[in-house]
1. Quick one: in the range 119-135, which of the residues that are touching a residue at least 40 places away in the same chain (Cβ under 8 Å) and surrounded by fewer than 17 Cβ atoms within 10 Å (Cβ to Cβ) is farthest from residue 199 (Cα to Cα)?
2. Of a type in the set (Gly, Ala, Ser), within 18 Å of residue 77 (Cβ to Cβ) and part of a helix (DSSP H, G or I), is that true of residue 245?
3. Here are the criteria: (1) of a type outside the set (Phe, Trp, Tyr); (2) in a helix (DSSP H, G or I); (3) open to solvent by 10 Å² or more (accessible area, probe 1.4 Å); (4) modelled with pLDDT of 80 or more. Tell me which single one residue 154 does not satisfy.
4. Keeping to the range 137-167, report how many residues are farther than 16 Å from residue 50 by Cα and out of contact with any helix residue (DSSP H, G or I) (no Cβ under 7 Å at 6 or more places or on another chain).
5. Which one of the conditions (1) in a helix (DSSP H, G or I); (2) open to solvent by 10 Å² or more (accessible area, probe 1.4 Å); (3) over 15 Å from residue 208 (Cβ atoms); (4) not basic (Lys, Arg) does residue 116 fail to meet, given that it meets all the rest?
6. Any residue in the range 54-75 that is assigned to a helix (DSSP H, G or I) and more than 29 Å from residue 212 (Cβ to Cβ)?
7. Going residue by residue through the range 86-97, is there one that turns out to be out of contact with any Lys or Arg (no Cβ under 9 Å at 6 or more places or on another chain), touching a residue at least 24 places away in the same chain (Cβ under 8 Å), part of a helix (DSSP H, G or I) and open to solvent by 40 Å² or more (accessible area, probe 1.4 Å)?
8. Among the candidates 261, 237, single out the residue that is at pLDDT below 80 and under 14 Å from residue 33 (Cβ atoms).
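The values are calculated or read from the model by the stated rules, or taken from the named source; none is laboratory data. On a predicted model such as this, the values are computed, not experimentally measured, just so you know. Here the Cβ is made from the backbone with ideal geometry for all residues, glycine too, and neighbour counts use every protein chain on show. Note: accessible area is taken over every heavy atom of the protein model, side chains too, but ligands, DNA and RNA are not part of it. Shrake-Rupley method; radii C 1.70, N 1.55, O 1.52, S 1.80 Å.
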Amino acid sequence: MATAPKEAENAIGLEEIPMERQEPPKGQKTFTVEEAVETIGFGRFHIMLFLIMGSTGVAEAMEIMLIAVVSPLIRCEWQLQDWQVALVTTMVFFGYMVFSIVLGLLADRYGRWKILLLSFLWASYFSLLTSFAPSYIWFVFLRAMVGGGVSGHAQGLIIKTEFLPTKYRGYMLPLSQVFWLAGSLLIIGLASVVNPTIGWRWLIRIASIPGILLILVFKFIPESARYNVSTGNMAAALVTLQKIAKMNRAAMPEGVLREPAKERRGRFKDLIHPRYLRTTLQIWIIWLGIAFAYYGVILASAELLERDLVCGSAAPSVQDPGDDSEEHHSPCHCHLFGPVAYQTMIISTAGEIALNPLNILGINVLGRRLSLCITMGCTALFFLLLNICTSSTGMTGFLFMLRALVSANFNTIYIYTAEVYPTTMRALGMGTSGSLCRVGAMVAPFISQVLMSASFLGALCLFSSVCIVCAISAFTLPIETKGRALQ
């Protein structure tokens, strides 16, 4: 068998993948996209990219967090039981899971930019339709469709990753969490004003505005040069790199852009090839566990506030004084959030950026694996601390730290997954990981909103156990991507 070209060594390395290569004229200088990205360096283009692609996190956070602030109102309007409220969130992530795989495959075949645009159009359309839902069944179906559209927003992260120089990825990607935090705080703030006045339907309509506005600015972001090269579209890749160099006021490398070995586009069986099988399985476990913990914290926070639980039993109400209506004591737990509840949600949500500096330091000094192992272990500990009998202030403090830790977990695994796979299967790797992530998110509502009512300690121990498994899996990952160039 002929020896594969040297440039193919960083690719997936499957014998059955046909390799072709066009050699440049002898003695002519050449460069790869990776070398061009490193030579051009960080500049104005990357700041624009960070602001636009980062803002996709605002729209995504508002759509995902919407259920937490709307649940008490739809519970009251349609007299829903615990499992019915939990099913809404589960179906959102079911839509996310199914479409995440499909859109990941399409992005590897047709481009990241096109799929990102399609996903925003899709999510905005169905989000607006949700505000007109005439019944609970329609609400569940339409929110599942929104989840499907939101799953494509991950392509924004991939585009950012593929344009960033190696030494900046560990710093810039965690900072994107600021946008998710902004979206979460914005939807909570809007809910505190809109829900008591004009209702949850108008809240959904207002929440769809950021996504619609972002569609208008996508034209300023080019398709990934790495993707263009991987499909043989050298001219488009070169034009993109030249524009970036011009914006950054930097010089392009000398020579001509070299065309790498051509490979088949990303396929599912590539992810489970012996070279990546262990990495893929452990990444899937971690994604599932992180999402289970992250959305478990969010929904548990809402349940604790809605049911006024401190120390696992009834406690002084966070409801507004004087709210002693029959609806407040209904068997369907029709408890609407008051100002104090919204304030607590804002404080705990702000925790998502509290550990960002330490998270960035850990990622770049300790590496991706050890950093993730430490934050997952701490997450397990703070889940157990929630069972300590404390005041509402103490409970808010524990929730604050939990949100900080689960956010750090997401930052690290996003970076690691985007770095560990080669370009031909990066979007597919992110898509399948995102799907497993949503399996964890689908289960979380039934633990936070159903099991927690029956056994508070049992629910916390389950969350903690999953985090410990993820910590072990992170520590034993076979590949460390710190300082490694994208393949």
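1. Selected residue: 121.
2. Values: of a type in the set (Gly, Ala, Ser): yes; within 18 Å of residue 77 (Cβ to Cβ): no; part of a helix (DSSP H, G or I): yes.
Judged against the criteria, residue 245 is not a match.
3. (4)
4. First, the residues of the range 137-167 that are farther than 16 Å from residue 50 by Cα: 137-152.
Of the ones still in play, those that are also out of contact with any helix residue (DSSP H, G or I) (no Cβ under 7 Å at 6 or more places or on another chain) are 137-138, 141.
So the count comes out to 3.
5. For residue 116, the exception is condition (2).
6. Here is the first cut: in the range 54-75, the ones assigned to a helix (DSSP H, G or I) are 54, 56-75.
Pick out the ones that are also more than 29 Å from residue 212 (Cβ to Cβ) and you get none.
Within the range 54-75, none of the residues are assigned to a helix (DSSP H, G or I) and more than 29 Å from residue 212 (Cβ to Cβ).
7. Taking the range 86-97 first, the residues out of contact with any Lys or Arg (no Cβ under 9 Å at 6 or more places or on another chain) are 86-87, 90.
Add one more test, that the residue is touching a residue at least 24 places away in the same chain (Cβ under 8 Å), and what stays is 86-87, 90.
Remaining after also requiring part of a helix (DSSP H, G or I): 86-87, 90.
Cutting the leftovers down to open to solvent by 40 Å² or more (accessible area, probe 1.4 Å) gives us 87.
Looking through the range 86-97, at least one residue is out of contact with any Lys or Arg (no Cβ under 9 Å at 6 or more places or on another chain), touching a residue at least 24 places away in the same chain (Cβ under 8 Å), part of a helix (DSSP H, G or I) and open to solvent by 40 Å² or more (accessible area, probe 1.4 Å).
8. Numbers: 237 fails: at pLDDT below 80.
From the options 261, 237, the qualifying one is 261.
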